[in-house]
Amino acid sequence: MDIYLTDLETDESFQFPMMPRDIKLSAGKIFQSYTIVALGEIKIPTGCGLLRFSWEGMLPGAARAREPYVREWQDPIEVQALWEYYRTESKKLRLLVTETPINYDVYLDQYSTKPTGGYGDYTYNISLLQAKDLIVRVSGAEG
């Protein structure tokens, strides 16, 4: 299993160097809430919420670059700069987790990192939010 983030504009991919222990997928429903005098509060489903993908992992430092469990090593500082670019530029990305059904367009919602241990490693938490295009349909053409 591998995790890739691909910039949809440039088709450049980033492969996560190590697999996390687990990947959390959160899905929800959107409800419209009403208060009816005789009934109290009721909720009616009006749509689906966006999917959220999150996990925690490690960006291995240079001392671990050749370890067999490191898929494709990249400098953790450069990885963090790439994530910041994705976040600040609102880059639409494709999240692909091989050997799973996870293959979605996403935005990098948030991440946090901290240096860990003596090997130049960084631990991180990352959260990606499903990207949906806004499509406005116009019925009928006025001439």
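The values are calculated or read from the model by the stated rules, or taken from the named source; none is laboratory data. In this text, all values refer to a predicted model and were calculated from it rather than measured experimentally. In this analysis, Cβ positions are derived from the backbone assuming ideal geometry, glycine residues included, and neighbour counts consider all displayed protein chains.
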> From the list 109, 133, which one is assigned to a loop (DSSP other than H, G, I, E, B) and either within 16 Å of residue 15 (Cα to Cα) or among the acidic types (Asp, Glu) (or both)?
Replying inline: 133
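Would you kindly identify the strands (runs of 3 or more DSSP E) lying entirely within the stretch 1-83 that contain at least 1 residues that are of a type in the set (A, V, I, L, M, F, W, C), surrounded by 12 or more Cβ atoms within 10 Å (Cβ to Cβ) and touching a residue at least 24 places away in the same chain (Cβ under 8 Å)?
In the stretch 1-83, the matching strands (runs of 3 or more DSSP E) lie at 3-7, 13-15, 24-26, 52-59.
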>> Just to verify a result, which residue in the stretch 27-84, among those that are among the hydroxyl-bearing types (Ser, Thr, Tyr) and over 21 Å from residue 2 (Cα atoms), is nearest to the chain's Cα centre (by Cα)?
In response: 46
> Yes or no: residue 93 in contact with a strand residue (DSSP E or B) (Cβ under 9 Å, 6 or more places away or on another chain), surrounded by 15 or more Cβ atoms within 10 Å (Cβ to Cβ) and either of a type in the set (Gly, Ala, Ser) or farther than 17 Å from residue 22 by Cβ (or both)?
Replying inline: yes
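Hey, can you tell me all the residues within the stretch 122-143 that are in contact (Cβ under 8 Å) with a residue 12 or more places away in the chain and over 16 Å from residue 55 (Cβ atoms)?
Taking the stretch 122-143 and keeping what is in contact (Cβ under 8 Å) with a residue 12 or more places away in the chain, we get 122-132.
131, 132, listed by residue number.
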> Which of (1) at pLDDT below 90; (2) closer than 25 Å to residue 134 by Cα does residue 41 not meet, given it meets every other one?
Replying inline: (2)
